[in-house]
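Novice: The following block contains the structure, expressed as structure tokens.
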Amino acid sequence: DGYAVSLWVNLGLGADLCQALSVPAEGVGLFRSEVPFMQCQVFPSEAKQTEIYRQILRAFAPKPVIIRTLDIGGDKTLPYFHVDEDNPYLGWRGLRFSLDHPDIFKIQLRAMVLASEGLDNLHVMVPMVSQVNEVRTVRRYLNAVVAQCQQEGRAVHLPALGMMVEVPAAAMQVRAFASSVDFFSVGTNDLVQYMLAVDRNNARVSSLFDCFHPAVLQLLQKVVDDAHACHKPISVCGELAADPLAAPLLVAMGFDALSMSATGLDTVRWVLHKLTLAACQKLLKKVLLCDNGEVVVSLLKEALKGAGLGYSVGLDEGE
């Protein structure tokens, strides 16, 4: 119906990059910078990081590339930096680690900025944010790094700075964060985990991990509304974006972009091509009245099957 939805890709390194370049994506919604850190035996040097980031930025230029700063903790650990915590998912994760190690963090920011020289398609994003002062500190660091590089004669520019919305506290304070960032991106994997108090890697409770829980959907709608009220773009880069059942809801909510693995992009594109914005909005209106995730999923399957998209989302005629 002419309504535009941006589809971006998430990637790490190697095969991910090759596959991402083979699909018609409008940019990189998430480059996981922790991947090269996890593959090294020591913290990678500024030069090594610059080389890695330059490869990604150059490969996609002039399309935008969002590079997430180091996101370790939880189920992501560094072989050369052991952290022993009773509850790592609620511990020293993401930006918390980076801000406690400004020496490591500033090197990473500097490597990103240097890698963008002459390309200017870098966007920087920080993970696991829960306090407004955290992003204000990042903004100061980033401004200082860019100024330092310019003083050294490098032709670099200040990149856009964004944050992940993956902690309920951040989701509830989007308007407060908006003055300190240029964009938002929702990490649904962690946001759902923290909202429902469910460790998705714990087999005993993993069945309770439900991205279609009504509370999750209602919060996602609030996050979009608050971001747009502050004139800030917002995307989804969590696994939910790649779910063809969820994509129509995310579009109806108003998300500006969906970012996913390259393998999921074609299916999501196909489903969205077959639906109108009005149909997605009608479906969302029904879904937001549901009181449990099972009913939500049932409604979504019925709607997509009715639109002739059952095969695209793995439904047989008998389902």
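Read the figures in this text as sums done on the coordinates, not as results from a lab. Being a predicted model, the structure only gives us computed values, none of them experimental. Using ideal geometry, Cβ is built from the backbone for each residue, glycine included, and neighbour counts are taken over all protein chains shown.
Novice: Once every DSSP H run of n ≥ 4 in the chain is given -39500 (n - 2.57) and the sum is divided by its residues, what mean residue ellipticity at 222 nm do you get, rounded to the nearest 500 deg cm²/dmol?
Specialist: -13500 deg cm²/dmol
Novice: Quick check: the angle from helix 262-273's long axis to the longest principal axis of the chain, C-alpha only, nearest 10 degrees?
Specialist: So the helix axis and the longest Cα principal axis differ by about 40 degrees.
Novice: Now for a different question. Label Q148 and L289 with points 7 Å out from Cα along Cα→Cβ: what is the distance between them in nm?
Specialist: Rounded to a tenth, the inter-label distance reads 5.7 nm.
Novice: Leaving out same-chain residues fewer than 8 places away, which lysines sit with a Cα under 19 Å from that of K48?
Specialist: Filter leaves K106.
Novice: Report the relative contact order of the stretch 140-217, percent, no decimals, based on alpha-carbon pairs under 8 angstrom and at least 6 residues apart. Could you put the intermediate results ahead of the total?
Specialist: Working: 70 pairs, mean separation 17.2, N = 78.
Rounded, it is 22 percent for the stretch 140-217.
Novice: In nm, give the distance between the simple-model label positions of E117 and N201, each being 7 Å from the Cα along the Cα-to-Cβ direction.
Specialist: Placing both labels 7 Å along Cα→Cβ, they lie 3.8 nm apart.
Novice: Read through the labelled values (1) 20.6, 67; (2) 19.7, 67; (3) 24.6, 72 and report the label of the one computed as Rg and Dmax of the Cα atoms in Å from the structure.
Specialist: Derived directly from the coordinates: (2).
Novice: Where is the GNM fluctuation largest for the chain (alpha-carbon springs, 10 angstrom cutoff): Q41, Q55, Q218?
Specialist: Taking springs between Cα atoms under 10 Å, the residue moving most is Q41.
Novice: Taking Cα pairs under 8 Å and at least six residues apart, what relative contact order does the chain come out at, in percent?
Specialist: Reported relative contact order: 17 percent.
Novice: Could I ask something else about it? Using θ = phi - 60° and the Karplus relation 6.51 cos²θ - 1.76 cosθ + 1.60, list the HN-Hα couplings for the stretch 176-188 in order, rounded to whole Hz, with x at every Gly or Pro.
Specialist: After applying 6.51 cos²θ - 1.76 cosθ + 1.60, I find 6, 6, 4, 6, 9, 10, 9, 7, 10, 9, 8, x, 5 Hz.
Novice: So which lysines can K222 reach, going by Cα to Cα under 21 Å and dropping same-chain residues fewer than 8 places off?
Specialist: Cα-Cα hits under 21 Å: K232, K282, K285, K286.
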